[in-house]
Structure formats: structure tokens, C-alpha cells
Amino acid sequence: MASNTTVPLLTRLIAAAVNVSQKSGRILREVKKSGEMNVQEKGFNDFVTKADFLSQLNIIKSLEKQFPKLKFCGEEGDLKEDYFDLELSLNETVLNEAKILPDAYNSIREEDLIVWVDPLDGTREYTMDYSMAHEVTVLIGVAWNGRPIAGVVNQPFYKFQQESNSYLDRVLWGIVGLGSFDITKGKISVAQNTLTLPTIVTTRSHITELIQKNLSLIPNKQIIHSGGAGYKALNLIDSKADYYIYPRNGTKRWDTCAPEALIRSVGGCMTDIFGNEYSYTKNENFIEENYYGIVFSLAKDNSNICCHFNQDLKDEIEAQAEKVRQKYRK
């Protein structure tokens, strides 16, 4: 392998993020197995555990040691605790697959990037029994010029292995313009569904009557429910769903940066319910909440879905968005 100085910065960052995500996956498995999760409720159906904090410390402290000029935004805030058990290796598979990147990335500098971290997406499912644990993910997304360009999604409880009485993880990573990859199976190819009724995946725990009514307006579809933003986006990668729709506020940029990068890497998109993209540039007045809802699809744009949302929903979304903006102004 060529020396690290000749490997593109973005390649090295994702190679590091893959291995860091695997370390976080081990942390999540160990904490859950111990039973000492220290569950706390941040809000309605919104939980945090010991594993959330340990995973975020691992991700941010490990990456900033290797890339000191990066900017980070993690779900659990700016953690000040010391953390010395760093993961500083680079994944060789990523280094080989991403030797050559699109020319547009050649000018990237560390200080131009922001890394969005959800150290444990699907905390509610994590606190339940193991039957729901496959919906838990670790999300590390990279944004440049306001847009997601790369991401890592780790499923720590992907498959139970009887022989070792333990869980195996699955790691997916992607770079827009290069593609999305399974760390063990190689490049991912996802075809748009043209044969069966389109399937929409949406929230299990935050469903409302207005959401149900608007999803019912979309013709010729079937609806499935699951937890975790990362896992719902993986339903599109795994061809279990054609759309992931959550038409209200509630998700944050750390929930969507890595999944959006993966979906964009296979030719899809993520927008709000009006068909507009979100910015991931962080500044003084930035609001992390995706307050106009989210729509993921494998299409180039979401006009064929957004046209079905009625005015009642749009008015409700706008009212919720204003409440969010007021909260951030205080």
C-alpha cells in the first residue's frame, strides 16, 4: 500500500471511520451484554445510555487524534471526559477500494470538513430485548461545502453467530461519486423497484394521525415500520423499501448525514417534504433539526412523492418548524 501521505484525505478519513465504527460496535455490544446501560430519558421516546457516551468519545477522540483540524458535531454534545483507548488504525479494504477519488475531492482540506456523529442511533431499540437490536446503528457522516459526501453506517447487532454465542456487525461505507460498499462483500448495487408496489418505511414510535393520513394519500404502496433513522435508510440499500418518509420534525443532521451520503452514493437522494435539500454547514445560527421532515428515495429527486403531501401537513410542518426556530433563538 502507498504511504498515507499519497492517499487522499477523504479516503484516509473513511478508512479510519470504518475501524472506529467497529470499535464503537464492540462498545455497544459489551455494554448491552453487561446489563449496565444506565438508561436515562431525554424526552418522550428519546433515551440515552452509557453506551451513547462511550461510543461518541471513542469516535470523536480517535478521529481528532488523527485529523486534528476536523470539526465535529455529535448527538451527545461536546464531551469533556478523557478517553485514552483510541482506535487509530486505517481499514485496508477502504484504502484499496478508494485509492482514486473524483477530482472534485482533490482540494479538500481537513478544516473544510465537518463530521456528524450519532454514536448510537436507535437507542430506544437498544434498551429493549435483542429482537430489536438489529435496528441499532452507529452513524459517522462527512459533509463538505454543506453537503454529505461520505459516510459510514455500522450495524453492531447484524447477525447472531451460534458458534461463538455473539453478534457479528455489518459495516457499509460510501463516498459520493465513487459508490457505496459493504466492507466484506464489496460494491453495492441497488436497482429501483419497477415490478412490485412501492414500499415506504416510516417511524414505529413517533407515528401521528396526520402522518398516517398523508401516507395514505400516496397511491399503490405498502407501508412498513421500524426504528432508527440509520436502519430505515438501510432498508433502501437492502431493497426492502423504496422510500423512507418521516414527514415531521424530530430527526437531526447527525441522524441523516451518513445515511444520506450512502443513499447519494448509489444514485438516490434525501430532501425535506417540499423537495429541498438540507445544509450541513455549521455556523452560529445553525439549527441541527430537520424540521421540514425527511424523504429518502433511490430516485434523483423526490418530486413524485412530495406532490402527494397535502396542505394540512405542510401547514403543520411549518408551524412545528417555527416552534423549533423559536426554541433555538432563546
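Okay, here's what the table says:
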{"item": "Some residue of the stretch 294-303 being among the basic types (K, R) and closer than 27 Å to L172 by Cα", "result": "yes"}
{"item": "Any hit, the stretch 243-263, residues being more than 26 Å from Q56 (Cα to Cα), of a type outside the set (V, I, T) and loosely packed, with under 14 Cβ neighbours inside 10 Å", "result": "no"}
{"item": "Unmet requirement for D103, which otherwise passes all of (1) over 30 Å from M132 (Cβ atoms); (2) touching a residue at least 12 places away in the same chain (Cβ under 8 Å); (3) not aliphatic (A, V, I, L, M)", "result": "(2)"}
{"item": "Selected residue (criterion: nearest to P259 (Cα to Cα)) from residues of the stretch 155-209 that are among the aromatic types (F, W, Y) and either loosely packed, with under 11 Cβ neighbours inside 10 Å or touching a residue at least 60 places away in the same chain (Cβ under 8 Å) (or both)", "result": "W173"}
{"item": "Residue match in the stretch 84-99 (condition: open to solvent by 20 Å² or more (accessible area, probe 1.4 Å), touching a His at 6+ places or on another chain (Cβ under 8 Å) and in contact (Cβ under 8 Å) with a residue 24 or more places away in the chain)", "result": "no"}
{"item": "Residue pairs meeting the criteria (Cβ under 9 Å; at least 6 apart or on separate chains; first touching a residue at least 24 places away in the same chain (Cβ under 8 Å), in the stretch 297-315; second surrounded by fewer than 11 Cβ atoms within 10 Å (Cβ to Cβ))", "result": "L298/A191; H308/P219"}
{"item": "Residue match in the stretch 183-198 (condition: assigned to a strand (DSSP E or B) and of a type outside the set (D, E))", "result": "yes"}
{"item": "Count - residues of the stretch 115-130 that are surrounded by fewer than 21 Cβ atoms within 10 Å (Cβ to Cβ) and not in a helix (DSSP H, G or I)", "result": "3"}
{"item": "Of all residues in the stretch 21-70 being open to solvent by 70 Å² or more (accessible area, probe 1.4 Å) and in contact with a helix residue (DSSP H, G or I) (Cβ under 8 Å, 6 or more places away or on another chain), the one that is nearest to L86 (Cα to Cα)", "result": "P68"}
{"item": "Wholly within the stretch 213-330, helices (runs of 4 or more DSSP H) carrying at least 1 residues that are under 28 Å from G186 (Cα atoms) and of a type outside the set (F, W, Y)", "result": "229-237, 253-265"}
{"item": "Condition broken by G74, with the remaining ones in (1) more than 20 Å from the chain's Cα centre (by Cα); (2) open to solvent by less than 30 Å² (accessible area, probe 1.4 Å) satisfied", "result": "(1)"}
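The values are calculated or read from the model by the stated rules, or taken from the named source; none is laboratory data. These numbers were taken from a predicted model, which means no experiment stands behind them. Note: ideal-geometry Cβ built from the backbone for every residue, glycine included; neighbour counts use all protein chains shown. Just the protein is used for accessible areas: all its heavy atoms, side chains included, with ligands, DNA and RNA removed. Shrake-Rupley method; radii C 1.70, N 1.55, O 1.52, S 1.80 Å.
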